[in-house]
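Colleague: To start, I am sharing the structure in question, which I have written as structure tokens.
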């Protein structure tokens, strides 16, 4: 299989809420399968963690997967789908698509993420917004973002605040800044600025020098789009042009509005 050198990364975060319950995992299971089918991606493995499950990848529609479905995701705290070449027996290394959801008790954090090679989906395509909408509507998220980067960097690793030997020293520093940020800070300020930025009312009301608030700053930008996504107050700020993205990143970093810069 010939794959692109880049992948799309997308994440939705929530903090400070109790475990959402197994029904949310059931809904995610259906949404994720539907999305991957639309992208013509064949799932090969699943991963699950908690209770009697090891957290290791096992075969899609295999015995463990069927047991999880029968038990309706009882006690599950993380679950993900993986797509690999059909003959792969090393999903952690060979995956070209990964979509998952996880809950962490120490920060009461819920994370939904996807990492898909751009052979199957493009961040710039008109269909991308439609593909992610069911995920946005799945839960009361606090914020999110979408981006494209080299596949070897593993977008899912970046999203959780990890890293690998493909990251520069500057990028490692940015990852460390995000990893060290407390949930309260993440709820107030943006991690960074991306081509896709899903922003809460709380973040939009953050003080912004010269403009008053981040919302006012965004509304004063000429080469970006800004729209309301949900009744709960999530907004989508899109920046398609790379030069414009760099300018905005530099300006907001200078105003101390970005955690990772």
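Colleague: Answer yes or no: is there a residue in the stretch 228-240 that is at pLDDT 95 or above, part of a helix (DSSP H, G or I) and either within 24 Å of residue 14 (Cβ to Cβ) or out of contact with any strand residue (DSSP E or B) (no Cβ under 8 Å at 6 or more places or on another chain) (or both).
Modeller: no
Colleague: Ok, one more. Taking the condition outside any strand (DSSP E or B), in contact (Cβ under 8 Å) with a residue 60 or more places away in the chain and outside the structural domain of residue 115 (by TED's automatic domain parsing), does residue 35 pass? Walk me through it before giving the result.
Modeller: Numbers: outside any strand (DSSP E or B): yes; in contact (Cβ under 8 Å) with a residue 60 or more places away in the chain: yes; outside the structural domain of residue 115 (by TED's automatic domain parsing): no.
When the stated conditions are applied, residue 35 does not pass them.
Colleague: Does residue 156 qualify as being within 16 Å of residue 101 (Cβ to Cβ) and touching a strand residue (DSSP E or B) at 6+ places or on another chain (Cβ under 8 Å)?
Modeller: When the stated conditions are applied, residue 156 passes them.
Colleague: Could you pull out the residue among 161, 233 that is assigned by TED's automatic domain parsing to the domain that holds residue 82 and in contact (Cβ under 8 Å) with a residue 12 or more places away in the chain?
Modeller: Details: 233 fails: assigned by TED's automatic domain parsing to the domain that holds residue 82.
Within the list 161, 233, the selection yields 161.
Colleague: Here's a follow-up. Looking at 105, 109, can you tell me which residue is over 22 Å from residue 39 (Cβ atoms), at pLDDT below 90 and assigned by TED's automatic domain parsing to the domain that holds residue 24?
Modeller: On the way: 109 fails: at pLDDT below 90.
Result of the check over 105, 109: 105.
Colleague: At least 2 residues that are under 15 Å from the mean Cα position of the chain (by Cα) and modelled with pLDDT under 90 in each: list the helices (runs of 4 or more DSSP H) lying fully within the stretch 124-226 that qualify. Write out each step before concluding.
Modeller: Numbers: elements: 127-136, 155-159, 169-180, 183-188, 201-204, 214-219.
Qualifying helices (runs of 4 or more DSSP H): 155-159.
Colleague: Can you tell me which of 220, 205, 197 is within 30 Å of residue 104 (Cα to Cα) and out of contact with any helix residue (DSSP H, G or I) (no Cβ under 8 Å at 6 or more places or on another chain)? Before you say what the answer is, go through the steps one by one.
Modeller: Numbers: 220 fails: within 30 Å of residue 104 (Cα to Cα); 205 fails: out of contact with any helix residue (DSSP H, G or I) (no Cβ under 8 Å at 6 or more places or on another chain).
Exactly one of 220, 205, 197 is within 30 Å of residue 104 (Cα to Cα) and out of contact with any helix residue (DSSP H, G or I) (no Cβ under 8 Å at 6 or more places or on another chain), namely 197.
Colleague: Given (1) free of Cβ contacts under 8 Å to residues at least 60 places away in the same chain; (2) surrounded by fewer than 22 Cβ atoms within 10 Å (Cβ to Cβ), where does residue 81 come up short, assuming only one miss?
Modeller: Single failed check for residue 81: (2).
The values are calculated or read from the model by the stated rules, or taken from the named source; none is laboratory data. Computed from a predicted structure; not experimentally measured. No Cβ is skipped: glycine too gets one built from the backbone with ideal geometry, and neighbour counts run over all protein chains shown.
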